[in-house]
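The values are calculated or read from the model by the stated rules, or taken from the named source; none is laboratory data. Just so it is clear, the structure is predicted and the values come from calculations on it, not from any experiment. Ideal geometry is used to build each Cβ from the backbone, glycine not excepted, and the neighbour counts take in all protein chains shown.
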Amino acid sequence: MRTIRSALDVVRAHITGAAPPLDADSLDGRDPALIASVLPFVRLSNQRYLRLRAEGFETLERRPVLYVGNHNGGIAGPDICCTLGSLWEARGPEAPLYALAHDFAMKHVPLFGAVVQRFGALRAKPENALRALRAGAQVLVYPGGDLDAYRHARRRDEVVLGPRTGFVRVAQAAGVPIVPIVAHGAHRSAYIFSEGTEIARLLRLKQRARLERFPLALALPWGLAMGPWIPYLPLPFPIQLRVLAPIPAPAGANPESIRESVRVEMQRALDDLALRARKAS
């Protein structure tokens, strides 16, 4: 109940103007007490509804690292809940951990941004990730973004990072390793039957909202979910998470080569998790 009241208080304060304008780049909005209060509910959802199986979290380091995940299911992707919940469990709610959230959600939907900021969300800017890492925190990022989250259902067991190297450059500048966290099963939270590349191009979403996909999906409770901003209830497919070994990001190395090394290791792990799931079914 405290969690719901706290979230409602944040929303009410922003609606009435009692709260200062949202600073989506601030490191000060994270609330460890609120995270601790919501963690039992996250744990219950992950264990009972999503039947989460997580491995490798007992080996996590305490120094600053850049966690890199494969993105699934967009705004309602259960991979985020599973990953953050597992990191909070392993490190403790008080450990400084931030997650980069899309610019649209943090900047253009301030009520939503104000709530998720309490759980460690930062606007997805390289400068924010770098500040957090240099302050001694750990940072979670999904570099594939909408390219990864809204891939077609037939590509559900594929890691899509695209040409993006910003996360590598952040790790290089901060002098921290990249620690991949691979999720399997989360992309089945909805059935994406069209990535909507042409629709996104016609709507000029890349220029307007930094998005290159306008997905069309079959999802609960709507039946048909259109666009990247429609939340939906994830289907209760079991999810697996695996933490991989840290990958160095030396300052003088080629960012494209490091990105490809990260993608290859993540794809290898995803293939293994997919094979395990098929054998278990």
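Points to keep in mind about this one:
- Only a single criterion out of (1) closer than 30 Å to residue 226 by Cβ; (2) touching a strand residue (DSSP E or B) at 6+ places or on another chain (Cβ under 7 Å); (3) in a helix (DSSP H, G or I) is not satisfied by residue 46, namely (2).
- Within region 47-67, the set of residues being without any contact (Cβ under 8 Å) to a residue 60 or more places away in the chain and surrounded by 12 or more Cβ atoms within 10 Å (Cβ to Cβ) comprises just one member, 47.
- The criterion of being farther than 19 Å from residue 25 by Cα and either touching an Asp or Glu at 6+ places or on another chain (Cβ under 6 Å) or not aromatic (Phe, Trp, Tyr) (or both) does not hold for residue 103.
- Scanning region 249-267 for residues that are loosely packed, with under 13 Cβ neighbours inside 10 Å and of a type outside the set (Gly, Ala, Ser), we see that the one that is farthest from residue 169 (Cα to Cα) is 264.
- The listed residue being farther than 22 Å from residue 85 by Cβ and either touching a residue at least 40 places away in the same chain (Cβ under 8 Å) or of a type in the set (S, T, N, Q) (or both), out of 278, 242, 268, 263: 263
- Hey, residue 122 buried (at least 24 other Cβ atoms within 10 Å of the Cβ), of a type outside the set (D, E, K, R) and within 16 Å of the chain's Cα centre (by Cα) or not: yes
- Scanning region 127-146 for residues that are modelled with pLDDT of 95 or more and part of a helix (DSSP H, G or I) gives 127, 128, 129, 130, 131, 132, 133, 134.
- Once region 91-118 is narrowed to residues that are of a type in the set (Phe, Trp, Tyr) and modelled with pLDDT under 95, the residue that is farthest from residue 164 (Cα to Cα) is 112.
- Condition met for residue 170 (out of contact with any Gly (no Cβ under 9 Å at 6 or more places or on another chain), buried (at least 23 other Cβ atoms within 10 Å of the Cβ) and at pLDDT 95 or above): yes
- Across region 68-111, the qualifying residues are those that are assigned to a helix (DSSP H, G or I), touching a residue at least 40 places away in the same chain (Cβ under 8 Å) and of a type in the set (Gly, Ala, Ser), and the one among them that is surrounded by the most Cβ atoms within 10 Å (Cβ to Cβ) is 74.
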